[in-house]
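The next block holds one structure in the form of structure tokens; read it before the comments.
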Amino acid sequence: MAWGWVSVWLLGVASLTGCGGNGAAEAAGGKAVAAGDTSTSASAMETAERDPWLKAAELNAAEVQQSGPSDGEDRATSKAFAAKALTPVNVYRFYNRNTSAHFYTASAAERDSVISTLPAMSYEGLAFQASSTADSLLSPVYRFFNGQTGVHFYTISQSERDHIIATLPQFTYEGVAYQASTVAGSGFRPLYRFYVPSRGFHFFTTSSAEAGQVIAHLPQYRYEGIGYHVLGQADPQPPSGVGYHGNPVPVPPEGLAVDTSQPNHLIGSGTPPSCTGQAVVDAVALGGKIRFNCGPNPVTITLPRTAKVFNNRPDVTLDGGGLVTLSGGDSVRILYQNTCDSAQVWTTPHCNNQETPRLTVQNIGFTQGNSIGQLTDGGGGGAIFVRGGQFKIVNSVFTNNRCETTGPDMGGGAVRVLSIYQNQPVYVVGSTFGGGLGLGNRCSNGGALSSIGVSYSVYNSLLTHNAAVGHGANPAQAGTPGGGSGGAIYNDGNTFTLSVYGSMVSDNTGVEGGSAVFYVSNDRSGLMTLSDSVFVRNPATNFGTAGLPGFFVLAAPGQPVVTRTSISN
């Protein structure tokens, strides 16, 4: 289905009202202050009492998840046969230009009536298909009407249905709308669910791209997870064994892989020996879309020196096809982009804020990168260093990369990023950093990811066994070289964001602050979102933020915003 109108209504609702270094010194003096509450805190429970939809969403999520993966493959297989025998019913979608709410109906007669009598309702076509017939593997979807807002609501959860009837008298129960599934399976696709507290309505979509856009760009739309599963084919899933698949969150289009079906450069002629490190260095210097033809089996290519992006090559994509790992041989950094490095060609008078190059690494591995001694613009980034332009990582694996072991602002055992164009986020999607004992990345700070003033959006990724090995914090305490913060992620600067969705961050270590995450917004304007993720076994450090094990956070008031996320030692 084409969703060409998505950007139009996103613009239409954009006006809705949405319901570093100095910090380490403060913490070292015993002044660490909680920057936000976890989902189990008293404040969160009070919020749930004020907002009954928090409890309602929990009830729905519990019923949908209870009968999910634990039911096994046989259940999913039987559902595929059931889906073929079901009678589809079309569910149509409208957009209310007056309220910005959406209306859904499975009745063609109701659809036609709305089109002919309600000019404020913009008809957007077929939203999805459900089943009009009951089945032993399906559940009824219940429909309510909100008399205060004039908006309908749908839920597959009997518990949520009963909760609404008991606690929200403005809702009139209208019965069963159609049949859907609480379980994922062949022939079914997820229906993503959002709630807008400031307007009191829900939004539903089966488009993962649209859901990703809403999550990334409309914070007033509170993501509530998968509402249920409807008929249709699910979107292609990321490769198994890369990233984290525990509770995946839809990714916006700008975070997806680049189409490299027509590459500009093909490295190799079908055998491992034909894929040389020098060929990688040469291809990156030329720019464009780069793929590999090294044979049918996984291959590791050791680079003789760092592959460097030239700034007059606007788009560079390295696509390993899931079979290629680039190695620095524990002696060189693997990949370098720097818009302010004259040796790579200056292309604008504002190198700190220029749109190109746009660098993407996808379906590829980086191992044994070593940037020790490479101190241009502060150094760091054992595998990849980026300053300026744009950058994203998709379906990639980083293991055993390293940079300097000390230094107060030195960081990025795997990746170091500075000065991204217009502070757009660096997307890290479906990727693994470490992933097992002995595979972690390490540096003075930010064992996996490090940045100054740069925003990260991390989706469905796995960050484990990374280490911040420096000591003395930032600024460095007297008599120390500094460092040791942010075992997995190190963020410092003023106005920037850190968003972690659907990811696991575990078993990372730090000597000083934040074994999982170190986040310091010096002017306290920074924002942090933690959603549908797990932070576990990131041990205590010399200082941290109360109520957030493994974190040190100095940010804007009320940060981080924590949703359906587990944070524990």
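The values are calculated or read from the model by the stated rules, or taken from the named source; none is laboratory data. Every value quoted in this text rests on a predicted model; they were computed, and no experiment measured them. A quick note on method: Cβ atoms are made from the backbone with ideal geometry, for glycine too, and the neighbour counts reach across all protein chains shown.
For region 169-200, filtered to residues that are part of a loop (DSSP other than H, G, I, E, B) and hydrophobic (A, V, I, L, M, F, W, C), the residue that is farthest from the chain's Cα centre (by Cα) is Val183.
Matching residues to (1) within 17 Å of Phe94 (Cβ to Cβ); (2) of a type in the set (S, T, N, Q):
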{"residue": "Arg161", "(1), (2)": "no, no"}
{"residue": "Thr182", "(1), (2)": "no, yes"}
{"residue": "Gly185", "(1), (2)": "no, no"}
{"residue": "Arg193", "(1), (2)": "no, no"}
{"residue": "Val196", "(1), (2)": "yes, no"}
{"residue": "Phe203", "(1), (2)": "yes, no"}
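Put simply, of Pro263, Pro236, Pro252 the only residue that is under 29 Å from Gly365 (Cβ atoms) and either among the aromatic types (Phe, Trp, Tyr) or buried (at least 18 other Cβ atoms within 10 Å of the Cβ) (or both) is Pro252.
When region 494-521 is examined, which residues are found to be modelled with pLDDT under 95 and either assigned by TED's automatic domain parsing to the domain that holds Ile215 or not hydroxyl-bearing (Ser, Thr, Tyr) (or both)? Spell out how you get there, then give the answer.
Initially, region 494-521 is screened for residues modelled with pLDDT under 95, giving 494-495.
The answer is Asn494, and nothing else.
The set of residues in region 466-498 being more than 28 Å from Gln424 (Cα to Cα) and not aliphatic (A, V, I, L, M) consists of Gly470, His471, Gly472, Gln477, Gly479, Thr480, Pro481, Gly482.
One line per residue, one yes/no per condition, for (1) under 20 Å from Ala468 (Cβ atoms); (2) surrounded by 22 or more Cβ atoms within 10 Å (Cβ to Cβ); (3) of a type in the set (Lys, Arg):
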site: Phe518; (1), (2), (3): yes, yes, no
site: Ser521; (1), (2), (3): yes, yes, no
site: Leu527; (1), (2), (3): no, no, no
site: Pro539; (1), (2), (3): yes, no, no
site: Asn569; (1), (2), (3): yes, no, no
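Filtering Thr545, Thr480 for residues that are surrounded by 24 or more Cβ atoms within 10 Å (Cβ to Cβ) and not small (Gly, Ala, Ser) leaves a single hit, Thr545.
His245 satisfies every condition listed in (1) outside the structural domain of Arg193 (by TED's automatic domain parsing); (2) crowded, with 19+ Cβ neighbours inside 10 Å except (2).
Among the candidates Ala106, Ala120, the residue that is hydrophobic (A, V, I, L, M, F, W, C) and under 20 Å from Gly187 (Cβ atoms) is uniquely Ala106. In a residue-by-residue description of region 150-168, the property of being surrounded by 14 or more Cβ atoms within 10 Å (Cβ to Cβ), in a strand (DSSP E or B) and touching a Cys at 6+ places or on another chain (Cβ under 8 Å) applies to no position. Residue selection: Thr167 satisfies the criterion of being at pLDDT below 95 and among the polar types (S, T, N, Q).
Of all residues in region 536-566, those satisfying the criterion of being over 24 Å from Asp409 (Cβ atoms) and in a strand (DSSP E or B) are Val536, Val561, Val562, Thr563, Ser566. Right, Ile115: assigned by TED's automatic domain parsing to the domain that holds Ser181, among the β-branched types (Val, Ile, Thr) and over 16 Å from Tyr228 (Cα atoms) or not? Spelling it out, Ile115 is indeed assigned by TED's automatic domain parsing to the domain that holds Ser181, among the β-branched types (Val, Ile, Thr) and over 16 Å from Tyr228 (Cα atoms).
The set of residues in region 432-478 that are of a type outside the set (A, V, I, L, M, F, W, C), in contact with a helix residue (DSSP H, G or I) (Cβ under 8 Å, 6 or more places away or on another chain) and either at positive phi or not assigned by TED's automatic domain parsing to the domain that holds Tyr519 (or both) contains only Gly453. Against the numbered list (1) out of contact with any Leu (no Cβ under 8 Å at 6 or more places or on another chain); (2) closer than 16 Å to Gly378 by Cα, Asn466 comes up short only at (2). Look at (1) out of contact with any helix residue (DSSP H, G or I) (no Cβ under 7 Å at 6 or more places or on another chain); (2) buried (at least 20 other Cβ atoms within 10 Å of the Cβ); (3) at pLDDT 95 or above and you find that Tyr142 fails only one, number (1). Annotation note: of Gly382, Gly329, Gly378, the sole residue that is under 26 Å from the mean Cα position of the chain (by Cα) and small (Gly, Ala, Ser) is Gly382. Taking Thr306 and the conditions (1) within 13 Å of Gly382 (Cα to Cα); (2) buried (at least 20 other Cβ atoms within 10 Å of the Cβ), which numbered condition does it fall short on, given that it satisfies the others? Condition (2) is where Thr306 drops out. Note on region 201-236: residues that are within 15 Å of the chain's Cα centre (by Cα) and assigned to a loop (DSSP other than H, G, I, E, B) total 2. The residues in region 266-280 that are surrounded by 17 or more Cβ atoms within 10 Å (Cβ to Cβ) and either in contact with a Leu (Cβ under 7 Å, 6 or more places away or on another chain) or over 15 Å from Leu326 (Cβ atoms) (or both) can be counted, and the count is 2. Selection of strands (runs of 3 or more DSSP E) fully inside region 252-318 by the criterion of at least 3 residues being of a type in the set (Ser, Thr, Tyr), at pLDDT 95 or above and assigned by TED's automatic domain parsing to the domain that holds Val500 returns nothing.
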